[in-house]
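> Below is the structure I would like to discuss, written out as structure tokens.
What follows draws every value from the coordinates through simple rules; no lab data is involved. Quantities reported herein were computed from a predicted structural model and do not represent experimental measurements. Glycine also receives a Cβ, built like all others from the backbone with ideal geometry; neighbour counts cover every protein chain displayed.
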Amino acid sequence: MNRRAANQSSGQSKGAREAAHRNLAVNRQASHYYHLLEKFETGIQLAGTEVKSIREGKLNLKDAYAVLRNGEAWLMNCHISAYTAGSYLNSPPLRERKLLLHRKEIDKLMGRTREKGLTLIPTRVYVKNNMIKCEIALAKGKTVWDQRDAIRQRTIDRETAQDIHEHRRRKG
């Protein structure tokens, strides 16, 4: 049975399969402080109790970043709280965790992060096909006026949408 027939027989559409990617943690500040240039999907090397803790939602990406060392990618400063039923098997909350990428992607990222001002930021952690994945983004830091421009543009867009809504409401 081919893939299309398998998908049709299970009754899942493409949208339903994509919706199956459940976000466990999202770094909302990343888009505020950085211009996100390119995104990559990575796996994370985790201990068993860390997986259970992440599935409970005890993950914080706020100050996390990724580093490339010795041809490997590492997730730094990502806080995963201890699993409550884990006892002595729990690992330290802020330990370095290896990110699983293809060699071509690592080489590409090594070249790009050597450029001035580019860094790797985790944007979200989610479940895909019952595996925990991390999305990292190649990012360039925003300056203060870039942040102010973004806030100003959001305000203008919101006010415009409200005006259009009010105008339509009055006519109809």
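> Got the relative contact order for the chain handy, in percent, Cα pairs under 8 Å and 6 or more residues apart? Present the calculation step by step, with values, prior to reporting the outcome.
On the way: 255 pairs, mean separation 48.0, N = 172.
It rounds to 28 percent for the chain.
> Mind checking which of Arg103, Arg55, Arg154 has the largest fluctuation in a GNM of the chain, springs on alpha carbons under 10 Å?
Of Arg103, Arg55, Arg154, the Gaussian network model singles out Arg154 as fluctuating most.
> If I take R0 = 30 Å and measure r between the Cβ atoms of Arg69 and Met131 in this structure, what FRET efficiency does the formula 1/(1 + (r/R0)^6) give, to the nearest 0.05?
On the way: r = 24 Å, r/R0 = 0.80.
My answer for the efficiency is 0.80.
> When the Cα centres of the range 123-172 and the range 88-102 are compared, how far apart do they sit, in Å?
Spelled out, the Cα-based centre of one part sits 31 Å from the other.
> Here is a further query. For a Förster distance of 41 Å, can you work out the FRET efficiency between the beta-carbons of Glu166 and Asn60, rounded to the nearest 0.05?
Values: r = 40 Å, r/R0 = 0.97.
After rounding, the FRET efficiency stands at 0.55.
> Let me ask you something else. If you take every residue apart from His165 with its C-beta less than 14 Å away from the C-beta of His165, what net charge results, scoring Lys and Arg +1 and Asp and Glu -1? Could the numbers behind the result be given before it?
Values: positive: Arg158, Arg168, Arg169, Arg170, Lys171; negative: Asp157, Glu159, Asp163, Glu166.
Result for the neighbourhood of His165: +1.
> What's the magnitude of the charge dipole for the range 116-172 around its Cα centre, counting Lys and Arg as +1 and Asp and Glu as -1 at the beta-carbon? Answer in Debye, nearest 20.
Values: 14 positive and 7 negative charges, 22 e Å.
Result for the range 116-172 is approximately 100 debye, rounded to the nearest 20.
> Grab the beta carbon distance between Leu100 and Trp145, set R0 = 41 Å, and tell me the FRET efficiency rounded to 0.05. Let's see the in-between values first.
On the way: r = 38 Å, r/R0 = 0.92.
Given R0 = 41 Å and the Cβ-Cβ separation, E is 0.65.
> Around Asp107, under 13 Å between beta carbons, what's the net of Lys plus Arg minus Asp minus Glu among the other residues?
Numbers: positive: Arg103, Lys104, Lys108, Arg112, Arg114; negative: Glu72, Glu105.
Once all neighbours under 13 Å are counted, the net charge is +3.
> No solvent, one uniform scatterer per C-alpha: report log10 I(q)/I(0) for the chain via the Debye equation at q = 0.08, 0.17 1/Å, two decimals.
Results for the chain at q = 0.08, 0.17 Å⁻¹ read -0.37, -1.08.
> Of the listed peptides 155-166, 134-145, 73-84, 91-102, what is their order by residue-averaged count of other C-beta atoms within 10 Å, with the highest listed first? Before the final figure, lay out each step's value.
On the way: 155-166: 10.0, 134-145: 17.1, 73-84: 18.6, 91-102: 14.9.
Going from most to least packed, we get 73-84, 134-145, 91-102, 155-166.
> Amide H of Leu100: which non-local residues (sequence gap of 5 or more, or other chain) have their own amide H closer than 5 Å, using H built in the peptide plane?
Result for Leu100 returns Gly43, Ile44, Gln45.
> Excluding Gln147 itself, calculate the net charge of residues whose Cβ lies under 15 Å from the Cβ of Gln147, where each Lys or Arg counts +1 and each Asp or Glu counts -1.
Working: positive: Arg28, Lys140, Lys142, Arg148, Arg152, Arg154; negative: Asp146, Asp149.
The answer is +4.
> Placing +1 on the Cβ of each Lys and Arg and -1 on the Cβ of each Asp and Glu in the range 7-149, which of Tyr33, Ile136, Thr119 has its Cα farthest towards the positive end of the resulting dipole?
The residue sitting farthest along the positive end of the dipole is Ile136.
> Suppose every K and R has +1 on its Cβ and every D and E has -1 on its Cβ; what is the size of the dipole of the chain about the Cα centre, in Debye to the nearest 20? Walk me through the numbers before you get to the answer.
Values: 34 positive and 18 negative charges, 89 e Å.
The calculated dipole for the chain is roughly 420 debye.
> Provide the three semi-axes, in whole Å and in decreasing order, of the ellipsoid equivalent to the range 43-105 as defined by the square roots of 5 times the Cα gyration tensor eigenvalues. If you can, show how the numbers build up before the last one.
Numbers: eigenvalues 104, 28, 20 Å².
So the three semi-axes of the range 43-105 are 23, 12, 10 Å.
> Once amide H atoms are built 1.01 Å from N in the peptide plane, which residues 5 or more positions from Lys128, or in another chain, come under 5 Å H to H?
Counting only residues 5 or more places away or on other chains, the set is Lys133.
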